[in-house]
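The values are calculated or read from the model by the stated rules, or taken from the named source; none is laboratory data. All values derive from a computational prediction rather than experimental measurement. Surface accessibility is based on the protein's heavy atoms, side chains included, excluding ligands, DNA and RNA. Shrake-Rupley method; radii C 1.70, N 1.55, O 1.52, S 1.80 Å.
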Amino acid sequence: FKPTVTLSKRHRWLFDILMDVYLDEDKPLKRKRLLQRACDAEDKQLRADAWQRKTTIEMDAGDAASAWKSFSIAQQLDPNSPSIALLELTLLCTEEKFNQAKARATFWLTRFKRSTDVNPAFLDLLAKCTQDPREALRAIHSTDEAQPPALRELNLLLNSAPAIALHYQLDIHNGEAM
């Protein structure tokens, strides 16, 4: 992500991960710079992803007007994206515009039913949003779901593992550590 690197679609996943890392590590300035760099990228898909991320950041900050402007840019860049549909429904529900969210869910469901490359689970989510968007979105964002058995077992093993211990030592020979 250095300024001399031309960002492309292959940077999409790295951008997303790095944005999360900067959030977790409390690096707001680095996060803001990365977001701006991605919003200005030549690659249309990366720009769309960045504007979607910017939308959520602005909405989380309580700036609904800016969030909707950023959403509009993201939607222009990638109008047929399931993530755009989900983001719009989330924005509407955040503003408690549930009837409008139901109407938009109906629109998106009709649009995506014609597509052959949309996940059927996503269509099910949209169908649920036509009835109760707030509950449907709450269910997908819930962290109360039980972990899969394999992951639960892995966590138990990791939690019961002995503490990490050093099994080496450093010796200095001729001014170099060995």
*According to the square roots a ≥ b ≥ c of the eigenvalues of the Cα gyration tensor, what is the shape class of the stretch 73-165, taking rounded for a/c under 1.5, prolate for a/b larger than b/c otherwise, and oblate for the remainder?*
prolate
*Leaving out ligands and nucleic acids, note down the accessible area per residue over the stretch 66-178 with a 1.4 angstrom probe, in whole Å².*
72 Å²
*asked:* Once you keep just the Cα pairs under 8 angstrom separated by 6 or more residues, what percentage relative contact order results for the chain?
replied: 12 percent
_On a full-extension model of 0.36 nm per residue, what is the gain between Ile140 and Asn80, subtracting their alpha-carbon distance, rounded to one decimal in nm?_
19.5 nm
*How would you classify the stretch 18-75 from its alpha-carbon gyration tensor, with a ≥ b ≥ c the square roots of the eigenvalues: rounded for a/c under 1.5, else prolate if a/b is greater than b/c, otherwise oblate?*
oblate
*Read through the labelled values [x] 73, 32, 28; [y] 53, 44, 30; [z] 74, 45, 35 and report the label of the one computed as Cα extents along the principal axes in Å from the structure.*
[z]
*Roughly how many Å² of Leu157 are accessible to a 1.4 Å probe, to the nearest 10?*
110 Å²
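Show that you can apply the helix-only estimate: for the chain, add -39,500 (n - 2.57) for every DSSP H stretch of four or more residues, divide by all residues, and state [θ] at 222 nm to the nearest 500.
-21000 deg cm²/dmol, from helical runs alone.
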*Highest GNM mean-square fluctuation, the chain, Cα pairs closer than 10 Å: which of His141, His167, His11?*
His167
*Quick one: with all protein chains in place, what share of the accessible area of the chain is carbon or sulfur, to the nearest percent (1.4 Å probe)?*
54 percent
